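Here's the structure we're looking at; comments come further down.
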Amino acid sequence: MESLDDVIDDLIADRVIRRHRRIWLIVIAAVVVLALLVLATGGWKEKTGRSVPTLIVTADAPATVTAGRWEYSFSKAEIVREPKTEYSAAKAELLVYFELRNIDTEDKRSVYLNGDLVRLVPGGGKDLVKSNGATCRGEIGWVIVYGLPPESCFTKFEIEPDFSADQIEVGILAEQYISDNGLLGADEDPYWHSPEAAAVVRLKPTVVIKDEEN
């Protein structure tokens, strides 16, 4: 039969083990939450520890990005301001200019650029801002033909009227040419989908004031 001292020692040991087990469970839970937060940011919300390359556009050198079935050559950005008038509130939009080429060697299809693939990176942990795709030859959603030379295009982001920035960052996502896993009747043939972060392009925007004549 155990003595009273042995019983007390066992109780103390069990209590210590439970306390340490609780601490380890809390630590493990914290690590899991942190990992999920890192994944949720897409690898580019914060400059520190960014998992994709950051390319810088200068006046003399555009930034070229190859992502999925697209090749971009970014050249400049503009903050276009429309002052308040007697009949309308002040407005602003961010325009980013690039050459766009269809390099889809898999399907060789003619397609338009999806706005989900080019996004504004506000920083500070804020959500990415989706673009409106690509406007080329004056038409939004212009279809880019595979095998032809690049088109001169721009994309637009909705911004606040008082938005200002010495530099802006645009995140580029790359679709993957892969199949589904084939379970539950999923398509086993590869196709373009499941975009992932590919690069960030940094530009210094100029400010353009839009008057009534423009």
For segment 77-93 and segment 110-177, what is the centre-to-centre distance using only Cα atoms, to the nearest Å? 20
Ranked highest first by average number of other Cβ atoms within 10 Å, how do 99-112, 62-75 line up? 62-75, 99-112
How far, in nm, would the chain grow between residue 110 and residue 145 when pulled straight, counting 0.36 nm per residue and subtracting the alpha carbon separation? 12.2 nm
Share of Cα-Cα pairs in segment 103-150 beyond 17 Å, in percent? 47
Rough spin-label spacing in nm, given labels placed 7 Å along Cα→Cβ, for residue 90 and residue 103: 4.1
I need the peptides 81-92, 148-159 ranked by packing, meaning the mean over residues of other C-beta atoms within 10 angstrom, with the highest value on top. 148-159, 81-92
Please list, ordered by chain and number, the residues whose modelled amide H lies under 5 Å from the amide H of residue 208; skip anything fewer than 5 residues away on the same chain. 79, 80, 81
Give me the one-decimal nm value for the distance between modelled label points at residue 152 and residue 58, 7 Å along each residue's Cα-to-Cβ direction. 2.3
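Bear in mind these aren't lab numbers, they're just calculated from the coordinates by the rules spelled out. These numbers come from a predicted model, not from an experiment. A quick note on method: Cβ atoms are made from the backbone with ideal geometry, for glycine too, and the neighbour counts reach across all protein chains shown.
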